[in-house]
1. Is it the case that K29 is closer than 22 Å to D85 by Cβ, touching a helix residue (DSSP H, G or I) at 6+ places or on another chain (Cβ under 7 Å), part of a helix (DSSP H, G or I) and of a type outside the set (S, T, Y)?
2. Only one of these is touching a Ser or Thr at 6+ places or on another chain (Cβ under 6 Å) and either exposed (fewer than 10 other Cβ atoms within 10 Å of the Cβ) or closer than 17 Å to L71 by Cβ (or both): I48, I53, I44, I40. Name it.
3. Could you please find all residues in the range 43-82 being of a type in the set (A, V, I, L, M) and within 22 Å of V106 (Cα to Cα)?
4. Assigned to a helix (DSSP H, G or I), within 22 Å of N30 (Cα to Cα) and touching a residue at least 60 places away in the same chain (Cβ under 8 Å): is that true of G101 in this structure?
5. Right, N125: closer than 19 Å to L43 by Cβ, among the polar types (S, T, N, Q) and surrounded by 15 or more Cβ atoms within 10 Å (Cβ to Cβ) or not?
6. Residues of the range 1-38 being in contact (Cβ under 8 Å) with a residue 40 or more places away in the chain and not basic (K, R), which ones?
7. In this structure, does I72 turn out to be among the hydrophobic types (A, V, I, L, M, F, W, C), touching a Phe, Trp or Tyr at 6+ places or on another chain (Cβ under 7 Å), assigned by TED's automatic domain parsing to the domain that holds I44 and within 24 Å of G137 (Cα to Cα)?
8. For A93, which of the numbered conditions (1) touching a Leu at 6+ places or on another chain (Cβ under 8 Å); (2) touching a residue at least 24 places away in the same chain (Cβ under 8 Å) fails to hold?
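The values are calculated or read from the model by the stated rules, or taken from the named source; none is laboratory data. None of these values were measured; they are calculated from a predicted model. Reconstructed Cβ throughout: ideal geometry from the backbone, glycine too, with neighbour counts over all protein chains shown.
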Amino acid sequence: MAESKKQTKEIENYKKIQDKHEVKKPVFKNCLKAFLIGGIICLIGQCITAFYIHFFDFTEETAGNPTVATLIFLTMLATGFGVYDRLAQIAGAGTAVPVTGFGNAVISSAIEHRTEGYVLGVGSNMLKLAGPVIVYGVFSAFIIGLIKAIFLKLGGM
């Protein structure tokens, strides 16, 4: 019993020392930077959409696909030149906007494994991280489409 009390007291003392030396993280500042930089990325996406609508006669519905492709391409270029990684160090989660995060994941894997060759290095490792995301997205779309088809067959809207 005395041994248990001694251990409890040691644990409490250790926690006090740990709390005293712990570096406080600027949570509000980090959240603000993530919000602002993520918002700027989304603003760039909106500007690209407006560009496609005004200069190429796309509708709002059809401008989405080329916008996504353009954002992925720009992210891959920025990652290749090392700009996106520096931005991610500043913004943290703000650069994890789904489309740009996907582009960064694909090209980062390709860059990391390029020394192993184009087929066995780049080709086989490029989609290690992004591959499951693609499979999950396609499978989820299939399930939602199936649910919608069943709903429509049963007399839904």
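1. On the way: closer than 22 Å to D85 by Cβ: yes; touching a helix residue (DSSP H, G or I) at 6+ places or on another chain (Cβ under 7 Å): no; part of a helix (DSSP H, G or I): yes; of a type outside the set (S, T, Y): yes.
The answer is no for K29.
2. On the way: I53 fails: touching a Ser or Thr at 6+ places or on another chain (Cβ under 6 Å); I44 fails: touching a Ser or Thr at 6+ places or on another chain (Cβ under 6 Å); I40 fails: touching a Ser or Thr at 6+ places or on another chain (Cβ under 6 Å).
Selected residue: I48, the only one of I48, I53, I44, I40 that is touching a Ser or Thr at 6+ places or on another chain (Cβ under 6 Å) and either exposed (fewer than 10 other Cβ atoms within 10 Å of the Cβ) or closer than 17 Å to L71 by Cβ (or both).
3. Here is the first cut: in the range 43-82, the ones of a type in the set (A, V, I, L, M) are 43-44, 48, 50, 53, 63, 68-69, 71-72, 74, 76-78.
If the condition is that a residue be of a type in the set (A, V, I, L, M) and within 22 Å of V106 (Cα to Cα), then I44, I48, V68, A69, L71, I72, L74, M76, L77, A78 are the ones that fit.
4. Details: assigned to a helix (DSSP H, G or I): yes; within 22 Å of N30 (Cα to Cα): yes; touching a residue at least 60 places away in the same chain (Cβ under 8 Å): no.
No, not satisfied.
5. Working: closer than 19 Å to L43 by Cβ: no; among the polar types (S, T, N, Q): yes; surrounded by 15 or more Cβ atoms within 10 Å (Cβ to Cβ): yes.
It is false that N125 is closer than 19 Å to L43 by Cβ, among the polar types (S, T, N, Q) and surrounded by 15 or more Cβ atoms within 10 Å (Cβ to Cβ).
6. Applying the first criterion (in contact (Cβ under 8 Å) with a residue 40 or more places away in the chain) to the range 1-38 yields 30, 33-38.
Within the range 1-38, N30, A34, F35, L36, I37, G38 meet the criteria.
7. On the way: among the hydrophobic types (A, V, I, L, M, F, W, C): yes; touching a Phe, Trp or Tyr at 6+ places or on another chain (Cβ under 7 Å): yes; assigned by TED's automatic domain parsing to the domain that holds I44: yes; within 24 Å of G137 (Cα to Cα): yes.
Yes: the conditions hold for I72.
8. For A93, the failing item is (1).
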